[in-house]
1. When the residues of segment 25-63 are filtered to those that are of a type in the set (Phe, Trp, Tyr) and touching a helix residue (DSSP H, G or I) at 6+ places or on another chain (Cβ under 8 Å), which remaining residue is modelled with the highest pLDDT?
2. Within segment 143-162, count every residue that is of a type outside the set (Phe, Trp, Tyr) and either open to solvent by less than 40 Å² (accessible area, probe 1.4 Å) or touching a strand residue (DSSP E or B) at 6+ places or on another chain (Cβ under 9 Å) (or both).
3. Find all pairs meeting these conditions: Cβ atoms under 7 angstrom apart; at least six residues apart or on different chains; first residue within segment 122-140 and within 12 Å of Ile84 (Cβ to Cβ) and aromatic (Phe, Trp, Tyr); second residue at pLDDT below 90 and in a helix (DSSP H, G or I).
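The values are calculated or read from the model by the stated rules, or taken from the named source; none is laboratory data. Remember, predicted model here, so these are calculated numbers, not experimental data. All Cβ positions, even for glycine, are placed from backbone atoms using ideal geometry, and neighbour counts span all protein chains on display. Accessible surface areas use protein heavy atoms only, side chains included; no ligands, DNA or RNA. Shrake-Rupley method; radii C 1.70, N 1.55, O 1.52, S 1.80 Å.
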Amino acid sequence: KLRIVMLGDSICNDTSSSNYETLLQRAYPKSRIEVVTSVRSSTGCQYYQKESRIRDYVLKYKPTLLMIAGLSHGFDAEASRSVIRQVRAESECEIMVTAGAVTPPETFERFAYGYRRESRGQMLRRMESFPGNLRRMCADEKVEYLDMRSAWDEYVDRSYKSTDWFMRDIIHANSR
């Protein structure tokens, strides 16, 4: 039995709703896969790390695998580290962190800038350094890292379609 808890935001919810577990089931036909979607829109590890929220959003489901996914990481790898350490203190589950939104970087920059209380330059530096910071944090904590951004970009590039063809709004992918 594999119980996957998907922790994150609306992007995580979309990923969870994609029925990816069907592909896993094909690859591992003797396993029983159960997916628990534990999300709060526009919320990432900066929210989940506080006030013992890990109990309500992760631990009560007794995951075999915790997937931390989505857009709302807040460009804060240390918040993700905090969540990982809290989970590990009370669970032996495997952990995977996914990074990278499907949103084109220039659109995400405009979207994210409206929510920040820092200069555009500071925000851009934080955005640009985040993937590397998150990857290093995952290596330090010995958790899996899945770069969904690179996979997404390669998929779109090979399709010869515009990014808009794959989007249901400025942040979220559609069923394509």
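1. Top of the filtered list is Tyr57.
2. Total satisfying the criteria: 8.
3. So the pair list comes out empty.
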